[in-house]
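We did not get these values from a lab; they are worked out from the coordinates using the rules stated. Since the structure is predicted, the reported quantities are computational estimates derived from the model, not experimental observations. For neighbour counting, all protein chains shown are included, and Cβ atoms are generated from backbone atoms with ideal geometry for every residue, glycine included.
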Amino acid sequence: MIPAASESKSDSEALIVSLDVGTSSVRSLLFDNLGTQQDGFGEQLPYNIITTPDGGVEADPKTLLDLSTQCLSRIQEQLGAVGKRPAAVAFSAFWHSFLGVDDHGDPCTRILHLFDTRSGEAVRRLETMLDGEAVHQRTGCRLHTSYWPSKLLWLSECQPAAFAKAKRWMSFGEFLFLKLFGVPMMSVSMASGTGLWNQRENRYDTEMLAALPVRIDQLWPAEEADQPQTKLMEPYRSKWPALDGIPWYPAIGDGACSNIGSGCSTREDFALMVGTSGAMRAVLPEIPGAIPDGLWCYRVDRKRYIAGGALSNGGEVYAWMKRTLALPGDEEIEQALAEAKPGEHQLTVLPFFAGERSPYWRSDLRGAITGLNLASRPIDILQASLEAVSLRFAEIFQAMRDSFGCPKRVVASGGALLHSRAWTQMMADAVDFPVIASEEAEASSRGAALLALERLGAIPDVSAVPSGFGETYRQRPKFSAIYRDLLAAQHRLYQKLFVEN
């Protein structure tokens, strides 16, 4: 028999089920009160993003719902088999994407991903209607295709029938809560990454809403955000007895969870994450007086902000190179990259395969490689491209250091980066600062669990739980000047291709 929630565990023994809905898979895991992943619990199920030739990047909400319930059903089976009952369910989900839901609670659009660039013209129109810098300072978001405002405007014009059916607009996290609890509960964290949220006043931005064909009653009420739900609807109540009657916390943005889970919960620790895309972020106790032009600012929760820069091109650049070029095997690649001198390929790369966010915020940018000659090898192109992505992080690092102060640590996470020691070393050289490898393999899931433990009172603060750190990659001063020259060459090529013409 599974014990009741009140008698299941003391605070010192609290277990947290963590659901993480990312951009390529859904997974459930179990963590203890020290943020330690419990072996033998959880499930991971991959899915494919839907792309269209005109720049569309979408996901099917019913597919994600099905995968989420499968992952939760699996961990219910595992918990039931050993008679364990968790204290709460935590939830991490990808930021910025959203869908429309009709009167019956069914999707009337697909989930529009942050990389969907079809709303580029809508961005330009909003720039004529609004003061972009004032919007950035209020919402922490630039006028850009990553965020909701341009997508809502685009949907209203290009998919008017679907747009008209929408009773509510919500993230996938809210959609999952709607299906499980009948309430599309929103977190302040998720709202803060929409481009509709006034970070300084912690409410929807009046001026932005006035410029869009959306009503405030189509969004979850700001004053009701963050409330946990406990009573599952049928059939989930019967299917998941271990998960019913305990707090389920609304979805928190995956970037915020990743920082917390990798041990970067203060402004003194910059988190450098490279997955499909990339980001460098710091958690702040207050909003900056002026948000730097190339950076963004969202919320972890009501008491913490998170600011930094995001790249549309990270690990996918490496993946594209491996798919496209006649490269050797992984061991040979690593050896060649480790032995190569920075810049000796004499190539300049703009790694803008998917447009770019920080610091340029231009979805129209495209990748470019110059300097190729008959002696150029596939490994040269790969090396130059990985250096180019590292230089993008160097620019973000400089902006963050200028604004938030020099960090004590830069902590690297993300499978795309940490699978390559050579690339991690490039990052340290490019940012000219030591980079420490995180040993928290599932940082987003862990971060969501730690935030749930904090809300339960099982831990005093997320920073009280130690995180695992691995190898430190120290910058090599002999290459500092070379990386500065590479960055200058990158700037010159950007100006020539995308500014002067």
| note | When the charge dipole of the chain is computed with +1 at the Cβ of Lys and Arg and -1 at the Cβ of Asp and Glu, the Cα pointing farthest to the positive end, of VAL300, LEU15, ILE333, is that of VAL300
| field | Magnitude of the charge dipole, the range 352-404, Cβ model with Lys/Arg +1 and Asp/Glu -1, debye to 20 | value | 80 debye
| field | Inter-label distance for GLN227 and GLN44, nm, one decimal - labels placed 7 Å from Cα along Cα-to-Cβ | value | 3.6 nm
| What list of ³J(HN,Hα) couplings, whole Hz, do you get for the range 493-499 from phi and the Karplus terms 6.51, -1.76, 1.60, once you set θ to phi - 60° and write x for glycine and proline? | 5, 4, 4, 5, 7, 10, 10
| field | Nonlocal amide H pairs with ALA412, under 5 Å, H built at 1.01 Å | value | LEU272, ILE436, ALA437, SER438
| Estimated vicinal HN-Hα couplings, Hz - the range 478-491 in sequence order (Karplus 6.51, -1.76, 1.60; Gly, Pro = x) | 5, 9, 4, 5, 5, 5, 5, 5, 5, 5, 5, 5, 4, 4
| field | Summed residue charge, Cβ within 13 Å of THR206's Cβ, Lys/Arg positive, Asp/Glu negative | value | +1
| query | In a shell of Cβ-Cβ distance under 14 Å around CYS141, excluding CYS141 itself, what net charge do Lys and Arg (+1) and Asp and Glu (-1) give? | reply | 0
| message | Using Cβ contacts closer than 10 Å as the measure, can you line up LEU29, LEU497, LEU453, LEU284 from fewest to most? | response | LEU497, LEU284, LEU29, LEU453
| message | Tell me the net charge near ALA225. Cut-off is 13 Å between Cβ atoms, ALA225 excluded, with +1 for each Lys or Arg and -1 for each Asp or Glu. | response | -2
| Cα-based helix-to-principal-axis angle, 315-324 vs the chain, degrees rounded to 10 | 60 degrees
| message | Restricting to DSSP loop positions (anything but H, G, I, E, B) with no more than 14 other Cβ atoms inside 10 Å of their own Cβ, which trypsin sites (Lys or Arg not before Pro) remain in the range 308-407? | response | ARG366
| query | Order of HIS104, HIS96 from fewest to most other C-beta atoms within 10 Å? | reply | HIS104, HIS96
| Normalised by the residues of the chain, what does the relative contact order come to in percent, with Cα pairs under 8 Å and at least six apart? | 15 percent
| message | Can you compute the charge dipole magnitude of the chain about its Cα centre, using +1 on each Lys and Arg Cβ and -1 on each Asp and Glu Cβ, nothing else charged? Give it in debye, rounded to the nearest 20. | response | 360 debye
| query | Using modelled amide H (1.01 Å from N, peptide plane; none on Pro or chain starts), what sits under 5 Å from the amide H of SER92, excluding residues fewer than 5 places away? | reply | LEU19, ASP20, VAL21, ILE252
| Near the amide H of ASP205, under 5 Å away, which other amide H atoms are found, from residues 5 or more places off or on another chain, if H is placed in the peptide plane? | TRP197, ASN198
| query | If you count, for each residue, the other Cβ atoms within 10 Å and average over each peptide, how do 379-390, 105-116, 128-139 line up from highest to lowest? | reply | 379-390, 105-116, 128-139
| request: May I ask you to derive the relative contact order of the range 29-250, considering only C-alpha pairs under 8 Å and at least 6 residues apart, and to give it as an integer percent? | output: 22 percent
| field | Cα lying deepest toward the dipole's positive end in the chain, options ALA489, ALA422, ILE49, charges on Cβ | value | ALA489
| If you count the DSSP beta bridges with both ends in the chain, what percent of them are antiparallel, to the nearest 5? | 75 percent
